[in-house]
1. Name the residues in segment 63-76 that are surrounded by 16 or more Cβ atoms within 10 Å (Cβ to Cβ) and either in a helix (DSSP H, G or I) or on the phi > 0 side of the Ramachandran plot (or both), would you?
2. Going through 17, 44 one at a time, which residue ends up being surrounded by 12 or more Cβ atoms within 10 Å (Cβ to Cβ), outside any loop (DSSP other than H, G, I, E, B) and either in contact (Cβ under 8 Å) with a residue 24 or more places away in the chain or touching a helix residue (DSSP H, G or I) at 6+ places or on another chain (Cβ under 8 Å) (or both)?
3. Does residue 12 count as surrounded by 10 or more Cβ atoms within 10 Å (Cβ to Cβ), assigned by TED's automatic domain parsing to the domain that holds residue 1 and at pLDDT 90 or above?
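The values are calculated or read from the model by the stated rules, or taken from the named source; none is laboratory data. Note that the structure is predicted; figures quoted are calculated from it, not measured. Every residue, glycine as well, gets a Cβ built from its backbone with ideal geometry; the counts of neighbours run over all protein chains shown.
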């Protein structure tokens, strides 16, 4: 059958057929490639080194920390890494619940 007839029969575009034939010619198989979700490059490989770095430079902003880190790294990567190791600048780990003031008129 011609490509145009097959595309009409299966209701797919000719470009799809061309891509399948190209994939079969290159790899020997026309099956779809396995889905690989995008991931981070894991620019921080030594987590102990990063924990020590965070203890030393924890008072700086993430942008400043990114500039001080050895190698090319973004402030967003620093943010994700700090979150991964559980580092926080909060003095208290839990929020304090304030009591409501009693209104003596309604009691």
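1. Residues satisfying the conditions are 65, 66.
2. 17 is the lone residue from the list that is surrounded by 12 or more Cβ atoms within 10 Å (Cβ to Cβ), outside any loop (DSSP other than H, G, I, E, B) and either in contact (Cβ under 8 Å) with a residue 24 or more places away in the chain or touching a helix residue (DSSP H, G or I) at 6+ places or on another chain (Cβ under 8 Å) (or both).
3. So residue 12 passes the test.
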